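Encoded as structure tokens, the structure appears first; notes follow it.
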Amino acid sequence: MSGDGPTLADESYAAAKAGIGGPGHGHGHTHRHGDGPEHSHPLTAGQEAHVRGRMLHEHEHEHEHERPPSRGGHDFALPDLPTAVDVFDTTLRDGSQQEGLSLTVDDKLRVAEQLDHLGVTFIEGGWPGANPKDAEFFARAPKELSLTRATLVAFGSTRRAGVRAEDDETLRHLVEAQTEAVCIVAKSSEMHVVDALRTTLDEAVAMVADSVAFLRANDLRVFLDAEHFFDGYKANPEFTLRILQAAEEAGAETLVLCDTNGGTLPHEVQGIVTTVLDRFETQVGVHFHNDSGCAVANSLAGVTVGATHVQGCVNGYGERAGNADLAAVVPDLSLKLRVSTIPADRLPLLTPVSHHIAELVNIAPNPQQPFVGASVFAHKAGLHTSAIARRSDAYEHISPDLVGNGTRFVVSEMAGRSTLAMKAEELGLELDSDAMTSVLDSLKRLEYEGYHFEVADGSLELLLRRSTGWTQEFFDLESYRVIADQGDELSTEATVKLRVGGSRVVATAEGNGPVNALDGALRAAIGSNYPALEGVHLVDYRVRVLDSAKGTGSVTRVLIDSTDGDRTWTTIGVSENIIAASWQALCDSVVYGLLHAPAFDA
Ligand SMILES: [Zn+2]
């Protein structure tokens, strides 16, 4: 996305600069991003918002009363906000520092595709030169990634102390990565310069100035991540501001203030970001870690005082407590503060993209993750669900559709009649008052025994159907048996005896374990009567040992996830015997699959 020559955005930028650089402002004070060779890229939405903000700021001082009404400065509902921010995702760099998170190059390419699909402004791809994996990523990205919206960014650091920029290996790798933009980290806290880098404050400032100038001379757009900025500012504000000044003067596009240890609180963020914005013309960005539980709040605090670039990771991945969760920052800004982030029509992609990325990084999605979690629009208690059936905004802070999530009614022993009635209606079942009472009694008893119907929608549906007098007529079990035999190798064999279609069948199957063998034997016994069963597969099998409520020791709870390619369902079995629990869950899975098969020959 590099356009040659001036663009509309450039013109408005130039006009803004002219406005800003009016009488009373020395030229040295002017924003220098865009000086040097020529502006070679259009301004991002966040940068335009930044420029507009500066113009209004100036205007405000000169003609307070002429303030455009659209800014709504005295609206108590919303503070004076930027119109847009740039969303900078660092899942592939900072996010992959998370313990247990490891991505192959293929995974990284897939994650980048998802982020582009979602519509973030920048994707930080990794640190070329730091490891072969990231180097390979940047080598393959131009051929294998066709980003439609996002700009790929390579990450690195300033030159080392005492080395010329042109001789520094890290900077060379950044140029070789051949991205349009780079982000370099600079130590901006006195303590880290003195104790970790073991160099002087002057040298730390020179490292920033030289590195940014070198990268700009190589025609790269440069973001400066000022590491430990907030802590550094509290200890020695003058030094941290010198770092930013060096970056601004050398032509950095954005000054990103990083809360590297994640301990800063929102009121501190507001104060410090305001100070920086008052002092510099360059766009200001923020980067927060969640160690105090405030990463999202801090990001919003930064934007409310004028930051127009926000860094974070989808799903809040990152080392320790993680980075700011973009799956919360984005909807908070877009939906609540009306600050434009990703394109508005892509907001409903937030939940599917968040879940897809969770799958790619192989970390189970957190059901309680704000906006996108599976439980965050789920309603359980009876009173509450009857209210939500009348008014959806009674217990939901936004309409879940806006972020691609959905309202769910959860049924458990705590369920009231209204929840159950809604669930029955969802399934197209009519439950009279007696049936309702019987289901509620069964639910309470079964959950006491260790069942958990909230997570077993398939078994719940069968339970509701049975309460209306329905029984499954697909087959009639006589007995089953499983043998595990340790010979040269361990083999498992199951036999199922049942009646199906008027005849008695005995079928045997081998498997790599008891559940697999039982599944094989049941399919062998009834498969020819029900060809639809071929399309039904078990996809997951989970076992949990529970303390028995009956006090007779422990019971085993088995959950089986199944799919027919279109829908997926979960069934449950509970018993003191793991085979019996598995059989229950397996039978429910098969019965549910047959019940919903498009057509079967009974
Ligand atoms: Zn970080």
Q.
Within the stretch 223-331, considering only helices (runs of 4 or more DSSP H) that don't extend past its boundaries, which have at least 1 residues that are over 25 Å from the mean Cα position of the chain (by Cα)?
A. 229-235, 237-249, 266-279
Q | Pair list, Cβ under 9 Å, 6 or more apart: the stretch 325-350 residue under 23 Å from Ser96 (Cβ atoms), other residue among the acidic types (Asp, Glu) and modelled with pLDDT of 95 or more | A | Leu326/Asp89; Thr341/Asp86
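Considering the stretch 311-350 alone, what residues qualify as being within 16 Å of the ligand (Cβ to nearest atom), surrounded by fewer than 24 Cβ atoms within 10 Å (Cβ to Cβ) and on the phi < 0 side of the Ramachandran plot?
Glu319, Ala321
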Q. For the stretch 92-101, what are the residues that are part of a loop (DSSP other than H, G, I, E, B) and either free of Cβ contacts under 8 Å to residues at least 40 places away in the same chain or within 15 Å of the ligand (Cβ to nearest atom) (or both)?
A. Leu92, Arg93, Asp94, Gln98, Glu99, Leu101
Q: Scan the stretch 275-299 for residues that are farther than 23 Å from Ala328 by Cβ and open to solvent by 10 Å² or more (accessible area, probe 1.4 Å) and report the count.
A: 5
Q. Among the residues of the stretch 555-566, is any outside any strand (DSSP E or B), farther than 28 Å from Leu443 by Cβ and touching a residue at least 40 places away in the same chain (Cβ under 8 Å)?
A. no
**Q.** the stretch 186-197 - residue that is touching a residue at least 12 places away in the same chain (Cβ under 8 Å) and open to solvent by 10 Å² or more (accessible area, probe 1.4 Å) and, of those, farthest from Arg242 (Cα to Cα)
**A.** Leu197
Q) Got a sec? Which of Lys108, Lys143 is outside any loop (DSSP other than H, G, I, E, B) and without any contact (Cβ under 8 Å) to a residue 12 or more places away in the chain? A) Lys143
Q. Pick from the stretch 267-300 the residues that are of a type in the set (D, E, K, R) and farther than 18 Å from Ile243 by Cβ: which of them is farthest from the ligand (Cβ to nearest atom)?
A. Glu268
Q: Could you identify the single residue in Thr304, Thr308, Thr264 that is more than 23 Å from Leu349 (Cβ to Cβ) and either more than 16 Å from the ligand (Cβ to nearest atom) or open to solvent by 10 Å² or more (accessible area, probe 1.4 Å) (or both)?
A: Thr304
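The values are calculated or read from the model by the stated rules, or taken from the named source; none is laboratory data. A quick note: this is a predicted structure, and the numbers were derived from the prediction, not measured. Cβ sites come from the backbone with ideal geometry, for glycine too, and all protein chains shown count toward neighbours. For the accessible areas, the whole protein counts, side chains as well, though only heavy atoms, and no ligand, DNA or RNA atoms are used. Shrake-Rupley method; radii C 1.70, N 1.55, O 1.52, S 1.80 Å.
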